[in-house]
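Q: The structure that follows is given in the form of structure tokens.
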Amino acid sequence: MLKLYVIRHGKAVKSTKSGKDFDRELNVKGVAQINQIGESMRRSGLKIDQILVSSAQRTTETAEIIDFYIQTAAIKFDDQLYLAEREKIASLLKKHGQGKTVILVGHNYGLSDFVNYYCDQNVLLSTGMLAEINFNFDKWEDIDRNSGQLITTIKPEVHTF
């Protein structure tokens, strides 16, 4: 059985000095959201084989915070995951997914579309939100429409003033 944790990056700043969306960093709320998700993952004692992550600044920061809590050495950054659509996400997971338990950190609306397509759900991932999916086979290449089972979603509850 394969397990996939899909995490949308935490809340990010609205703009950057460069003016590029790719360079947007997590804001205070986003850091708090991802710390909450990371602590939840640490408490559950997860053993993660790999983190696949968009190389944008906000997703990179999200993955690094998560990794602080779960301590995996296998982080793969991929420019192609930046604002990727469902088909590209699936293609990259099939090509680069290693091990039985993978975290995928990326962006909407591709991530929500991915979860909905592969789990026959209607979920909209808000910032910092996690979706846990089980696939009842042993190779990432086998994922197909409706082949996943959405186990749970975790939406961080963070209030900033």
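The values are calculated or read from the model by the stated rules, or taken from the named source; none is laboratory data. All values reported here derive from a predicted model rather than from experimental measurement. Don't worry about glycine lacking a Cβ; one is built from the backbone with ideal geometry, like all the others, and counts go over all protein chains shown.
Q: Give me a count of the residues in the range 128-150 that are in contact (Cβ under 8 Å) with a residue 40 or more places away in the chain, outside any loop (DSSP other than H, G, I, E, B) and not acidic (D, E).
A: 7
Q: Return the residues of the range 50-68 that are within 17 Å of N27 (Cβ to Cβ), among the hydroxyl-bearing types (S, T, Y) and crowded, with 22+ Cβ neighbours inside 10 Å; say none if nothing qualifies.
A: T59, T62, listed by residue number.
Q: Give the residue that is modelled with the lowest pLDDT, with candidates limited to residues of the range 4-44 that are closer than 30 Å to D144 by Cβ and either surrounded by fewer than 19 Cβ atoms within 10 Å (Cβ to Cβ) or polar (S, T, N, Q) (or both).
A: Top of the filtered list is S44.
Q: Among the listed residues K17, K47, K29, which satisfies the condition of being part of a helix (DSSP H, G or I) and either within 14 Å of the chain's Cα centre (by Cα) or not β-branched (V, I, T) (or both)?
A: K29 is the lone residue from the list that is part of a helix (DSSP H, G or I) and either within 14 Å of the chain's Cα centre (by Cα) or not β-branched (V, I, T) (or both).
Q: Among the residues of the range 67-91 satisfying the criterion of being of a type in the set (V, I, T) and assigned to a helix (DSSP H, G or I), which is nearest to L52 (Cα to Cα)? Steps first, please.
A: Of all residues in the range 67-91, those of a type in the set (V, I, T) come to 70, 72, 75, 89.
Now drop any that are not assigned to a helix (DSSP H, G or I), which leaves 70, 89.
On the way: I70: 14, I89: 10 Å.
Among them, the one singled out is I89.
Q: Report whether or not L104 is of a type in the set (A, V, I, L, M, F, W, C), modelled with pLDDT of 95 or more and within 12 Å of the chain's Cα centre (by Cα).
A: Numbers: of a type in the set (A, V, I, L, M, F, W, C): yes; modelled with pLDDT of 95 or more: yes; within 12 Å of the chain's Cα centre (by Cα): yes.
In short, yes.
Q: Can you find a residue that is under 17 Å from M41 (Cα atoms) and either in contact (Cβ under 8 Å) with a residue 40 or more places away in the chain or of a type in the set (V, I, T) (or both) anywhere in the range 105-119?
A: Step one: list which residues in the range 105-119 are under 17 Å from M41 (Cα atoms), which gives 105.
Filter once more, so that each one left must be either in contact (Cβ under 8 Å) with a residue 40 or more places away in the chain or of a type in the set (V, I, T) (or both): 105.
Checked the range 105-119: at least one residue is under 17 Å from M41 (Cα atoms) and either in contact (Cβ under 8 Å) with a residue 40 or more places away in the chain or of a type in the set (V, I, T) (or both).
Q: Is it the case that the range 99-115 has a residue that's under 24 Å from R58 (Cβ atoms), of a type in the set (G, A, S) and in contact with a helix residue (DSSP H, G or I) (Cβ under 7 Å, 6 or more places away or on another chain)? It would help to see each step written out before you state the result.
A: First pass over the range 99-115, keeping only residues under 24 Å from R58 (Cβ atoms): 101-115.
Cutting the leftovers down to of a type in the set (G, A, S) gives us 106, 110, 112.
When the remaining residues are screened for being in contact with a helix residue (DSSP H, G or I) (Cβ under 7 Å, 6 or more places away or on another chain), the result is 106, 110.
Yes, some residue in the range 99-115 is under 24 Å from R58 (Cβ atoms), of a type in the set (G, A, S) and in contact with a helix residue (DSSP H, G or I) (Cβ under 7 Å, 6 or more places away or on another chain).
Q: Let me ask something additional. Evaluate the following for A73: is it over 13 Å from G128 (Cα atoms), aliphatic (A, V, I, L, M) and at pLDDT below 95? Working first, answer last.
A: Numbers: over 13 Å from G128 (Cα atoms): yes; aliphatic (A, V, I, L, M): yes; at pLDDT below 95: yes.
Taking the combined requirement at face value, the residue satisfies it.
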